Amino acid sequence: MASFLFWPVLAIGQGHNERVTIVGAYQPSLKDVQKIAVNPGETNLQGEIGEQTYSNLGIRYQTQASTSPIAYTQVRDDEKKEINRNFVDAAIGSNLSPVFNFRHRSRLTDKTLLDLGLGHWSTWVNIKDRAPSDRMHNQLHTGIQYDFSNQIWQNDLTYNHDFLHYYGFKPSDFPDVRVKADSLLQTYQRLGFTSRLKSNQTGKEVLNHDIAFRYRHFADDFRNIEQSITLSAGLKKDYAWFASNSRQFVGLNAAASLFSADDSLAGWRGFYARLEPSIHFSGSFFELTAALKGHLGDDTTTFFSLHPQLHGKLFVFDDRLQLYAGFGGDKILNTLEQNTLETPYLKPGAARWWTNTTHDFKAGIRTSLIPNLDFHIGIQAQKVLNGGFIINDSLSIFKHQLTFVHDDFSEFGFIAEAGYHQGDKINALFQFGFDQYKMEKLLKPWHKPSWHSTLDLSYRHDERWRFNSQLFLIGKRYAPTAASIRVLPTAFDLNLNATYQLNPIVGFYAKAANILNNRYEIWDQYPVQGTQLFVGATLKF
């Protein structure tokens with residue numbers, strides 16, 4: 001049943017006819033391997049119950065491209081999915097690690113929908129020879145949606161509070177330094193509000209709009225504060241210029257943002273605007289999209305940039321073979337809030353910076369010509385100006401806080417994927433990625449692996465029992481030290497899950513994470529925990 005949170009739901013990449021799929025929470029992509037948090041469950045309170053996964057207490061992998069990633073294979077699953085938006089989930093893990101999630105959706109009136117979500121997880125991080133630490137995450141989400149005759153008004157409020165201690169050092173290395181626990185404490189608070197009005201008209205020659213107001217507030221324990229206000233608008237109009245089985249539309253996206261950042265010493269103020277016109281053509285055997293991204297900004301300097309976009313797909317053999325290619329680029333602001341999501345043990349007040357991807361080319365082929373098998377091979381080449389790489393902060397040696405160094409680089413990436421499915425019984429997905437960096441100044445692309453691979457297997461025994469396993473392999477990475485370059489060995493992680501559905505309402509699950517007890521490091525001086533066990537139950541209502 002889809003009510004089990006431990007069961008990653010995977011679906012095969014569909015053709016361009018937009019068939020409905022449900023995608024699993026873990027999907028590696030071509031780029032950066034990152035440690036998100038010491039986190040038993042990355043909770044998405046706005047998602048469906050099947051979207052949540054539990055992962056190793058020491059690490060959760062996420063790989064993402066600097067810009068839009070290559071389209072990835074997703075294992076096909078012929079089973080019908082049941083979406084449930086009302087549930088309570090509770091679990092307990094080793095090291096006294098409780099997990100609790102609540103989700104409720106109901107109609108206040110015929111046209112008004114209420115969403116409410118609560119989430120909590122916490123754990124002790126007690127790694128041999130390291131400073132003791134702990135992690136806590138709390139999340140609240142509430143939303144109200146009102147349906148008009150031809151548009152939807154959605155309002156969402158989300159609050160997150162994260163609590164941690166830096167543990168990336170050995171107290172025995174500093175016998176003369178007395179470190180107070182409070183000096184290792186870090187907290188992150190995130191408040192977000194979004195109000196969105198979106199039309200949902202159908203048919204040709206119809207103009208649809210999507211207008212949104214967003215407010216974000218971020219603060220840490222060292223009085224570093226970021227705030228942003230964004231007003232965005234999107235327009236799209238469909239046309240019927242060609243044959244009846246073709247589709248064309250013209251789009252225009254625009255946004256304006258005010259951004260501010262303050263700490264105990266200095267501040268940052270910025271105004272940013274973005275404009276992106278686009279045109280799209282599609283037919284029975286092709287898709288073609290052209291766009292132009294324009295960015296205007298004024299913070300420490302004034303800048304203007306243009307990034308042309310061109311992406312196309314070709315479908316043959318009844319959509320069972322897809323060829324794709326695309327070229328683009330983007331300019332993004334790396335904020336402290338975003339960086340702490342990637343790297344929670346970041347140095348307080350680490351500087352913000354802009355990254356400019358001037359060239360980003362992708363091409364590949366996906367096929368499902370062989371029954372029950374799907375394959376994907378893709379390449380990506382990009383040129384990035386002022387990219388960020390994680391290192392240990394030289395000014396916080398005994399704490400081993402992390403920070404970023406910047407460099408221009410070129411990157412070539414290759415990805416190969418194979419998916420297998422046998423009805424709703426067996427599903428498998430293998431993925432391998434290779435990345436080659438050419439740095440301008442840095443000796444190495446610090447903490448970036450040259451390759452990574454995953455294997456995800458799932459087996460449904462019957463209506464009650466399901467089993468799943470995930471294997472992660474991450475190649476060697478390099479970290480600079482005061483005297484030399486340190487090599488972080490290949491990371492290996494194996495997780496096993498089992499779920500049992502007692503009845504349509506109650507289910508139980510168990511998970512063993514990092515069962516080989518491999519205490520590898522994703523970042524220098526930050527080893528993950530060893531084997532972790534979780535048991536829990538899910539109640540639908």
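The values are calculated or read from the model by the stated rules, or taken from the named source; none is laboratory data. This structure is a prediction, so every number in the text was calculated from the model and none was measured. Don't worry about glycine lacking a Cβ; one is built from the backbone with ideal geometry, like all the others, and counts go over all protein chains shown.
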Worksheet entry | Any chance Asp374 is over 30 Å from Ser458 (Cβ atoms) and either of a type in the set (Asp, Glu) or buried (at least 18 other Cβ atoms within 10 Å of the Cβ) (or both) | no
Item to complete: Read through the list (1) buried (at least 16 other Cβ atoms within 10 Å of the Cβ); (2) touching a Lys or Arg at 6+ places or on another chain (Cβ under 9 Å); (3) of a type outside the set (Ser, Thr, Tyr), then give the number of the only condition that Ala291 fails.
Response: (2)
Fill in: Test result for Asp115, within 26 Å of Leu533 (Cβ to Cβ), at pLDDT 90 or above and in a strand (DSSP E or B)
no
Discussion item. Can you tell me which of (1) touching a helix residue (DSSP H, G or I) at 6+ places or on another chain (Cβ under 9 Å); (2) of a type outside the set (S, T, N, Q); (3) surrounded by fewer than 21 Cβ atoms within 10 Å (Cβ to Cβ) is the one Ile390 doesn't meet?
Written reply: (3)
Worksheet item: Restricting region 334-353 to residues that are out of contact with any helix residue (DSSP H, G or I) (no Cβ under 8 Å at 6 or more places or on another chain) and either part of a loop (DSSP other than H, G, I, E, B) or modelled with pLDDT of 95 or more (or both), which is surrounded by the fewest Cβ atoms within 10 Å (Cβ to Cβ)?
Response: Ala351
Worksheet item: Which residue out of Ile370, Ile415 is farther than 29 Å from Phe303 by Cα, assigned to a loop (DSSP other than H, G, I, E, B) and β-branched (Val, Ile, Thr)?
Response: Ile370
Worksheet entry | Pairs, first more than 11 Å from Leu488 (Cα to Cα) in region 515-531, second outside any loop (DSSP other than H, G, I, E, B) and among the aromatic types (Phe, Trp, Tyr), C-beta under 8 Å, six or more apart | Leu516/Phe492; Asn518/Phe492
Worksheet entry | Lys383 vs. criteria modelled with pLDDT of 95 or more, among the charged types (D, E, K, R), farther than 30 Å from Ala266 by Cα and surrounded by fewer than 21 Cβ atoms within 10 Å (Cβ to Cβ) | yes
Response to the item:
Of the residues in region 246-283, those that are surrounded by 14 or more Cβ atoms within 10 Å (Cβ to Cβ) and aromatic (Phe, Trp, Tyr) come to Phe249, Phe259, Trp268, Tyr272, Phe281
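Please find, among Leu443, Leu455, the residue that is at pLDDT 95 or above, closer than 27 Å to Ala350 by Cβ and surrounded by fewer than 17 Cβ atoms within 10 Å (Cβ to Cβ).
From the options Leu443, Leu455, the qualifying one is Leu443.
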Worksheet item: Tell me, which residue of region 165-189 that is crowded, with 16+ Cβ neighbours inside 10 Å and in contact (Cβ under 8 Å) with a residue 60 or more places away in the chain is farthest from Ile225 (Cα to Cα)?
Response: Phe169
Worksheet entry | Given (1) of a type in the set (Gly, Ala, Ser); (2) surrounded by 14 or more Cβ atoms within 10 Å (Cβ to Cβ); (3) assigned to a loop (DSSP other than H, G, I, E, B), number of the condition Gly192 does not satisfy | (3)
Discussion item. Phe467 - would you say it is without any contact (Cβ under 8 Å) to a residue 40 or more places away in the chain and under 21 Å from Asn101 (Cβ atoms)?
Written reply: no
Worksheet entry | Residues (farther than 22 Å from Asn253 by Cα and under 28 Å from the mean Cα position of the chain (by Cα)) located in region 275-313 | Asp299, Lys313
Practice prompt. Kindly provide the set of residues from region 377-431 that are touching a residue at least 60 places away in the same chain (Cβ under 8 Å) and either closer than 18 Å to Ile485 by Cβ or among the basic types (Lys, Arg) (or both), ordered by number.
Written response: Ile390, Ile391, Asn392, Ser394, Ile397, Lys399, His400, Leu402, Phe404
Worksheet entry | Complete set of residues in region 242-267 that are of a type in the set (Phe, Trp, Tyr) and under 23 Å from Thr194 (Cβ atoms) | Phe259
Item to complete: Scan region 220-269 for residues that are farther than 29 Å from Trp153 by Cβ and assigned to a strand (DSSP E or B) and jot them down.
Response: Asp220, Ile225, Ala261, Asp262, Gly267, Trp268, Arg269
Worksheet item: Can you tell which of Ser469, Ser450 is among the polar types (S, T, N, Q), under 24 Å from the mean Cα position of the chain (by Cα) and within 25 Å of Trp124 (Cα to Cα)?
Response: Ser469
Practice prompt. Would you mind stating whether Phe222 is in contact with a Pro (Cβ under 6 Å, 6 or more places away or on another chain), more than 30 Å from His359 (Cβ to Cβ) and of a type outside the set (S, T, N, Q)?
Written response: yes
Worksheet, complete the sentence: Going through (1) in a loop (DSSP other than H, G, I, E, B); (2) over 20 Å from Arg477 (Cα atoms); (3) among the small types (Gly, Ala, Ser) one by one, Ala363 fails only at (1)
